[in-house]
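Have a look at the structure below, then the notes.
FYI, it's all coordinate maths here, none of it is from the lab. This is a predicted model, so every value here is computed, not measured. So basically every Cβ, Gly included, is an ideal-geometry build from the backbone, and we count neighbours across all protein chains shown.
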Amino acid sequence: EAGVAQSPRYKIIEKRQSVAFWCNPISGHATLYWYQQILGQGPKLLIQFQNNGVVDDSQLPKDRFSAERLKGVDSTLKIQPAKLEDSAVYLCASSSTGGATEAFFGQGTRLTVV
Amino acid sequence: DAKTTQPPSMDCAEGRAANLPCNHSTISGNEYVYWYRQIHSQGPQYIIHGLKNNETNEMASLIITEDRKSSTLILPHATLRDTAVYYCIVRAPYNNNDMRFGAGTRLTVKP
């Protein structure tokens with residue numbers, strides 16, 4: 001089966017600019033996660049969707065970050081305006097529900113804010 | 001916040017078993033233990049998961065203590081390609097299904 005697709009793979013922007021990341025989960029997976037991974041740290045959960053509804057966004061900096069999952073399939077994560085500390089890898093993952101199955105991760109988008 | 005604690009780093013000789021411990025003393029009855037690993041510049045890769053019984057697959061074995069407060073991931077014959085950061089996660093797939101990572105253990109397999 002096709003894996004989790006993310007784009008772009010790399011992005012360099014200046015601070016105060018905006019940026020958007022896209023994720024297409026594995027077909028049929030109801031749960032979608034976005035993570036931020038700063039160099040040397042474990043992935044930090046930003047937001048979790050169940051279909052097109054938000055389950056948990058407690059760690060999403062809502063003053064600058066937003067995410068949506070229209071139609072419960074693919075998702076976008078946006079940062080506006082970006083700060084230097086937003087430099088990180090942004091990972092998307094998806095999993096099915098109804099069973100103790102694993103989550104699958106995309107390759108991530110490496111964002112550098114200069 | 002992560003619900004697990006792991007040693008920050010471990011070394012293992014190539015060909016020997018690597019035993020990676022994880023403490024999850026506050027685990028709930030509906031939470032499973034999952035293990036993932038992350039090789040440099042890649043997304044995390046699933047390894048194995050279990051509820052209370054020991055589990056084995058082609059990659060590794062998972063040993064969960066009877067009280068479920070800790071577990072050990074065993075790579076039976078570590079190779080250089082097993083050098084990675086290993087994450088232990090507790091997750092309730094039949095409940096809220098959230099998945100939070102800690103800092104993990106950086107395993108270095110040495111020749």
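Couple of notes before you dig in:
- Low-density loop cleavage sites - trypsin sites (Lys or Arg not before Pro) in segment A:42-114, where at most 16 other Cβ are within 10 Å (DSSP): A:LYS62, A:ARG64, A:LYS83
- Fewest neighbouring Cβ atoms within 10 Å first, the residues B:MET59, B:MET99 line up as B:MET59, B:MET99.
- Dipole magnitude of the protein assembly as shown about its Cα centre (Cβ charges: Lys, Arg +1; Asp, Glu -1), debye to nearest 20: 560
- Available extension along the chain between A:SER66 and A:LEU39 is 7.5 nm, counting 0.36 nm per residue and deducting the alpha carbon span.
- Extreme residue, positive dipole direction of the protein assembly as shown, given options A:ALA103, B:THR108, A:VAL89 (C-beta unit charges): A:VAL89
- Whole-number percent relative contact order across chain A, with pairs defined as alpha carbons under 8 Å at least 6 apart: 37
- Size of electric dipole in segment A:1-63: Cβ of Lys, Arg +1 and of Asp, Glu -1, about Cα centre, debye, nearest 20: 280
- Reported value for chain A: 99 Å³ per residue, from the convex hull of its C-alpha atoms.
- 5 Å binning of all Cα-Cα separations within chain B, expressed as whole percents from 0 upward: 2, 13, 24, 26, 20, 10, 4, 1, 0
- Formal net charge of residues neighbouring B:ALA60 (Cβ-Cβ distance under 11 Å; K, R +1; D, E -1): -2
- Relative contact order for chain B: 38 percent, from Cα pairs under 8 Å spaced at least 6 residues apart, divided by residue count.
- Hypothetical label at B:ILE63: residues of segment B:71-111 whose amide nitrogen lies under 11 Å (7 Å Cα-Cβ projection): B:71-75
- Cα centroids of segment B:47-75 and segment B:3-28: 11 Å apart.
- GNM result for chain A, Cα springs below 10 Å: residue of A:ILE47, A:ILE13, A:ILE79 fluctuating most strongly: A:ILE13
- Mean projection area, nm², convex hull over Cα of segment B:55-99: 4.3
- Highest-fluctuation residue, B:CYS22, B:CYS12, B:CYS88 considered, GNM on chain B with Cα pairs under 10 Å: B:CYS12
- Spin-label model, B:HIS40/B:ALA17: points 7 Å from Cα along the beta carbon direction are separated by 2.9 nm.
- Pair A:LYS83, A:ALA20: separation of 7 Å Cα→Cβ label points (nm): 2.4
- Charge dipole (Cα centre; +1 on Lys/Arg Cβ, -1 on Asp/Glu Cβ; no other charges) of chain B amounts to roughly 140 debye.
- When each of A:THR112, B:THR26, B:THR4 is scored by the number of other beta-carbon atoms lying within 10 Å, the sequence from fewest to most is B:THR26, A:THR112, B:THR4.
- What the Kirkwood sum gives for the protein assembly as shown is a hydrodynamic radius of 18.0 Å, with every pair of different alpha carbons counted.
- Coil-residue trypsin sites (Lys or Arg not before Pro) of segment B:19-111, DSSP, other Cβ within 10 Å capped at 11: none
- A Förster radius of 30 Å combined with the Cβ-Cβ distance from B:ASN95 to A:ILE12 puts the calculated FRET efficiency at roughly 0.15.
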